[in-house]
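I have placed the structure first, in the form of structure tokens, so that the comments after it can refer back to it.
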Amino acid sequence: MSTAGKAQAIGVDRMRTSALARDLNFLLARANALALAAANTALAEHGLKPRSYSVLALAADDVLPTQRELAEFLRLDPSQIVAIVDELEKRGLVERHPDPSDRRANVVVATEAGRALFARAQKSTRAVERALKAAVPPEERERLGELLRQLAFRE
């Protein structure tokens with residue numbers, strides 16, 4: 001590690017005792033930033049970003065999400081979903097089909113190429129997740145996921 005890198009690490013260590021380092025919003029944001037950086041690196045080799053990976057994952061999971069449902073679930077503006085689906089569709093990874101329960105809406109479905117790419121990308125993201133969770137004692141990892149799901153899907 002360079003001298004500058006060592007000095008920066010020492011500064012970060014000092015700040016771990018600050019009030020901010022006990023603030024849940026900050027901790028969630030910092031953990032998210034670290035996870036996104038690692039995911040971006042892992043997904044880049046597949047030509048995906050976390051948002052496009054998320055849309056592809058839901059499309060490959062056979063839940064038949066509409067674009068509106070994708071926007072709500074991923075907490076994105078509907079125009080962002082349209083752009084992501086357009087890009088995945090151009091790459092032949094997803095298709096829009098009429099929603100069987102509402103012909104006015106479209107559902108997003110993964111193609112065979114999309115499913116294959118998702119499977120490869122999922123292996124990469126799982127490796128990133130394992131590396132991130134390595135900082136948490138093994139007996140607490142499942143509980144961490146449960147707690148995050150409670151926060152993410154609270155009513």
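We did not get these values from a lab; they are worked out from the coordinates using the rules stated. Since the structure is predicted, the reported quantities are computational estimates derived from the model, not experimental observations. Quick reminder, even Gly has a Cβ in these numbers, built from the backbone with ideal geometry, and neighbours come from all protein chains shown.
Hey, does segment 65-86 have a residue that's in contact with a helix residue (DSSP H, G or I) (Cβ under 6 Å, 6 or more places away or on another chain), in a loop (DSSP other than H, G, I, E, B) and not small (Gly, Ala, Ser)? Checked segment 65-86: at least one residue is in contact with a helix residue (DSSP H, G or I) (Cβ under 6 Å, 6 or more places away or on another chain), in a loop (DSSP other than H, G, I, E, B) and not small (Gly, Ala, Ser). For segment 130-145, residues that are assigned to a helix (DSSP H, G or I) and closer than 20 Å to ASN25 by Cβ total 3. Comparison of THR17, THR111 shows that the only residue that is over 24 Å from the mean Cα position of the chain (by Cα) and of a type in the set (S, T, N, Q) is THR17. Residues of segment 46-103 that are of a type in the set (Gly, Ala, Ser) and free of Cβ contacts under 8 Å to residues at least 40 places away in the same chain: SER52, SER54, ALA71, SER79, ALA83, GLY92, SER101.
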